[in-house]
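These notes concern the structure reproduced below.
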Amino acid sequence: MPDRRTDLTVPIRVLAAPPRPVRSATTLTTRAVAAGLLVALISVLVTALVAVPLAARAAERAAREGLAVQTDVVALILKNRRTAASDEKLMQQLRKLDDGTTGFLITGGAPDRTGLPDRVVRQIAAGQPVSERLALVDGSLAVIEGRPLGDGDGVVLARPAGTGLARQVLRNLWLPLLAGLGAGVLAGVLLGRRLARPIRNAATAAARLSSGDRAVRLHAEPPLEVERLAQSINELAEALATSEGRQREFLLSISHELRTPLTTIRGYAEALSDGVVDADAAPGVGQTMLAEAERLDRLVADLLSLARLDAADFPIEPAQVELVSLVRSAERAFAPRVATAGVLLHADVPPHEVWSYTDPVRLRQIIDGLVENALRVVPQGRPIVLGVREQSGRAVVEVRDGGPGLSDDDLAVAFQRGALFQRYQGVRQTGTGLGLALVAGLARRLGGTIEAGHAAEGGARFTVYLPRTSG
């Protein structure tokens, strides 16, 4: 179906896209390792922030309990060995301990040396035990445990508060924390490699697809996102293989359609150049060559229209169109051809006007294409009907015929390029397979739809639904 609105010579300018530079980026494995390291480092820090104070408090509590037990033991010894010499010797031994513990012996309510708070001395002299977490002893904070011995006597042990506890806790925890950090790094490496493997496979498959390998398939494996990615690439490969197969078949059919009229024109041209055709036969030869040239013109025009159909500059000029008069004009235009072919053409239109907001030239192109297709297959004496009606707020244009019709399987692929041509080539008269594809594309560009079905006349029915108003 030629597009009468535009010239057949369409200038095409191909702009070569500049190659996109490959950006240097870290791999998924590297990022997963970095993420694992970061998570492990954060976990170690959080663990340290929580565990170190808890461990320090536990160590402090254990030290206080140990000091209390030590004080009880010293008090028991002093009660059983109450001589001045033995008491002094015991206190000297306590002051030599490596943990910084120092002892105070209270006799008659007075300490043997200065440094103890007065309240502690008074409490021991009053016969009350002392247990303080922090107190000033010789100007430094210390843990104090004191036990009365009776008659204003007593013993007090003091140990510097927190001496080396934090360092001791860190010495005990650094190895487990380091082991946790290493486990996080190892987990990040293993997880990164596991996650990156299907991505690498998908990238390899995509590269093979881009190089023309349509047999590539990916094994779907969890997790769900990776499985969906593999399925999508497999579906893409199948779609590309199907599409390229159809394109090859389409090109083969088009090449056949182009070769047939070219062979005829070339044969007659050689006959004319060799003088084989006499003067009486020249008009008939000229008519044959003209008919074949017109056939080529229609085929090239259909190809160009299909190529430009989805372009942004494809001309569509919608307006308010009265469909009954448009169909009547198509009926009059085809009257001589249908009379020659022996086919009955008539319009099935309502008595009133039917309006649609569409492009009259493109709509007439659709009607002409459908009638052209019908004329190829409808036998003599059978009808072709051009119908107009209104349905569910839409304008409807139909082309029905009494030809061999289409099977249910044919209806599903009727508007695919070359599908019917491939099915019926050599079986019955067919066109190039472009006409119905072009009609469907035009209907879509007009804001409507088209469907194929079975006609009451016994053949095929093609129904175009158009909008009644703009918007």
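The values are calculated or read from the model by the stated rules, or taken from the named source; none is laboratory data. All values reported here derive from a predicted model rather than from experimental measurement. Glycine gets a Cβ as well: all are built from the backbone with ideal geometry, and neighbour counts include every protein chain shown.
Remarks
- Condition met for E317 (within 20 Å of Y465 (Cα to Cα) and touching a residue at least 40 places away in the same chain (Cβ under 8 Å)): yes
- Leading residue by the ranking (surrounded by the fewest Cβ atoms within 10 Å (Cβ to Cβ)) among those in region 354-393 that are over 43 Å from the mean Cα position of the chain (by Cα) and of a type in the set (G, A, S): G381
- L97 vs. criteria in a loop (DSSP other than H, G, I, E, B) and modelled with pLDDT of 85 or more: no
- Residues satisfying the stated conditions in region 393-418, i.e. part of a helix (DSSP H, G or I) and of a type in the set (A, V, I, L, M): L411, A412, V413
- Test for F334: is it in a loop (DSSP other than H, G, I, E, B), closer than 24 Å to L434 by Cα and not β-branched (V, I, T): no
- Close pairs (6 angstrom Cβ cut-off, 6 or more residues apart or separate chains): at pLDDT 85 or above in region 267-293, of a type in the set (S, T, Y) anywhere: M289/Y268
- Flag if R217 is assigned to a loop (DSSP other than H, G, I, E, B) and either of a type in the set (S, T, Y) or modelled with pLDDT of 80 or more (or both): yes
- Scanning region 108-147 for residues that are buried (at least 20 other Cβ atoms within 10 Å of the Cβ) and either outside any strand (DSSP E or B) or touching a residue at least 60 places away in the same chain (Cβ under 8 Å) (or both) yields a total of 8.
- The set of residues in region 441-470 that are assigned to a strand (DSSP E or B) and under 28 Å from L304 (Cβ atoms) comprises T449, I450, E451, A452, A460, F462, T463, V464, Y465, L466.
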